[in-house]
1. Check segment 227-237 and report whether any residue there is part of a loop (DSSP other than H, G, I, E, B), of a type in the set (Gly, Ala, Ser) and either at pLDDT 95 or above or farther than 13 Å from Ile166 by Cβ (or both).
2. When you look at Val80, is it in contact with a Phe, Trp or Tyr (Cβ under 7 Å, 6 or more places away or on another chain) and part of a helix (DSSP H, G or I), yes or no?
3. Quick one: Ser99 ticks every box in (1) within 23 Å of Gly271 (Cα to Cα); (2) at pLDDT below 90; (3) touching a helix residue (DSSP H, G or I) at 6+ places or on another chain (Cβ under 7 Å); (4) polar (S, T, N, Q) except a single one, so which number is it?
4. Looking at Gly271, Gly267, Gly257, which one is without any contact (Cβ under 8 Å) to a residue 60 or more places away in the chain and not basic (Lys, Arg)?
5. May I ask you to list pairs of residues, at least six apart or on different chains, whose Cβ atoms are under 8 Å apart, with the first in segment 59-70 being without any contact (Cβ under 8 Å) to a residue 24 or more places away in the chain and the second being part of a loop (DSSP other than H, G, I, E, B) and aromatic (Phe, Trp, Tyr)?
6. Working carefully through the options Pro39, Pro109, find the one that is surrounded by 13 or more Cβ atoms within 10 Å (Cβ to Cβ) and closer than 25 Å to Glu333 by Cβ.
7. Just the residues that are β-branched (Val, Ile, Thr), assigned to a loop (DSSP other than H, G, I, E, B) and either under 23 Å from Phe130 (Cα atoms) or touching a Cys at 6+ places or on another chain (Cβ under 6 Å) (or both), please, taken from segment 261-319.
8. Within segment 1-42, can you find the residues that are in a loop (DSSP other than H, G, I, E, B) and modelled with pLDDT of 90 or more?
Amino acid sequence: MAPLDPESEQHGKFEFLWLNRDRLRRIKRFILAVDDDGPGQRLAAEIVRRLGAARCMFVTYPGGCKDLNDVLRKYGRDAVHEVLRDAKQYPVRGLYRLSEYPSLPAFQPISLGWPLFDGIVPGNGWMKIFAGEFIVVTGVPSHGKSTFLANVLWNVARDHGWRAAIFSPELPTVPYLRDKMRRIIGGDDADRLIEDNFLFIDNDPNDADDEDITLEWIIEKGRDAVLRYGIRALVIDPWNEVEHARRRDETTAEYIGRAIRMLKRFGRQYGVAVFVLAHPTKDVWERGKLRPPSLYDIDGAAHWFNKCDHGLVIWRDPETDQTAIMINKVRFEGTGEKGTIKLKLDKATQRFVQLDERMQSEFAYG
């Protein structure tokens, strides 16, 4: 039987992991013996992502074998026993030789859904995102940060099958987020598509006694969403609404650094792109005029800039609704370059559409 391919098994094929989650939590080690080919590697990567690399081990087949059945036919039962006995731990900490690392799918950044972000206009900057990265988005309130990210989430869900879990306490899920996503997606099928592709992290909507939500609680819900639904994106919008459990001996900057490490560790371990929307807290007025903020205008600025893989600033001209997506930080080669991409908000649909090349150069802000 051919191995399951997570890229084409979007709807419930991994539900057995969630249904057996209590039993799986008691198991200390899992040995993954999948087919040694592209689909098998993707299957193993998805299982490891949901169960956690710390508990998973991988096998190496002898020459000419692509699975345990081949080993049994060519070398016999003892060889199968040796393959399983010699299973190796997935590298999660410490020192390892290159031969100890399992075969993994190639690094593949994905498009945000607008061709301009794919680098078709040289010199304008460009950007693609990847599973496991940490993305910081800032901008003046009401300049379109949340709407831009909602567009991104729908684009990657539609084009790449990425599901997302969203923590957005400033914006009620019903009706605000629901209606915004309905307009962005469009069509009579919008509610089903929202149901299939988006989860919302929140207190019980039927419980009037809301409790403070901590970052640890959000990450725990993120883990559940990976295991049950296979999410690829986690959104915190905005950062200042999280109940920050800062220790007495920590400064704000020290806490922010620790919190970012927690989010990055979650993203890397589970292959989830983590988006944090953070309002600027410093004065963004100069000589009586509002200026575009930067990542350094967020409280704890050095951590936000230094630790993110992509850093974006959203800046909108309220008279024209033309919006600059300012790419201020790119960490990894092959995932973009610094620069500015200009989009326009269609208020009726809440969709961002790209401006043509001429308008890219004419667009002014600040």
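The values are calculated or read from the model by the stated rules, or taken from the named source; none is laboratory data. All values reported here derive from a predicted model rather than from experimental measurement. As a convention, Cβ positions derive from the backbone with ideal geometry for all residues, glycine included, and neighbour counts pool all protein chains shown.
1. Pass one, segment 227-237, residues part of a loop (DSSP other than H, G, I, E, B): 230-232, 237.
Then keep just the ones that are of a type in the set (Gly, Ala, Ser); that gives 230.
Still in the running and either at pLDDT 95 or above or farther than 13 Å from Ile166 by Cβ (or both): 230.
Within segment 227-237 (the criterion being part of a loop (DSSP other than H, G, I, E, B), of a type in the set (Gly, Ala, Ser) and either at pLDDT 95 or above or farther than 13 Å from Ile166 by Cβ (or both)), the answer is yes, since at least one residue qualifies.
2. Values: in contact with a Phe, Trp or Tyr (Cβ under 7 Å, 6 or more places away or on another chain): no; part of a helix (DSSP H, G or I): yes.
The answer is no for Val80.
3. (3)
4. Details: Gly271 fails: without any contact (Cβ under 8 Å) to a residue 60 or more places away in the chain; Gly267 fails: without any contact (Cβ under 8 Å) to a residue 60 or more places away in the chain.
When all the criteria are applied, what remains is Gly257.
5. Asp70/Tyr61
6. On the way: Pro39 fails: closer than 25 Å to Glu333 by Cβ.
Result: Pro109 is the single residue among Pro39, Pro109 that is surrounded by 13 or more Cβ atoms within 10 Å (Cβ to Cβ) and closer than 25 Å to Glu333 by Cβ.
7. Residues of segment 261-319 β-branched (Val, Ile, Thr): 272, 274, 276, 281, 284, 298, 313-314.
Now narrow it down to the ones that are assigned to a loop (DSSP other than H, G, I, E, B): 272, 281, 284, 298.
Selection gives Val272 alone.
8. Restricting attention to segment 1-42, the residues satisfying the condition of being in a loop (DSSP other than H, G, I, E, B) are 1-14, 20, 26-29, 33-37.
Matches in segment 1-42: Asn20, Arg26, Ile27, Lys28, Arg29, Ala33, Val34, Asp35, Asp36, Asp37.
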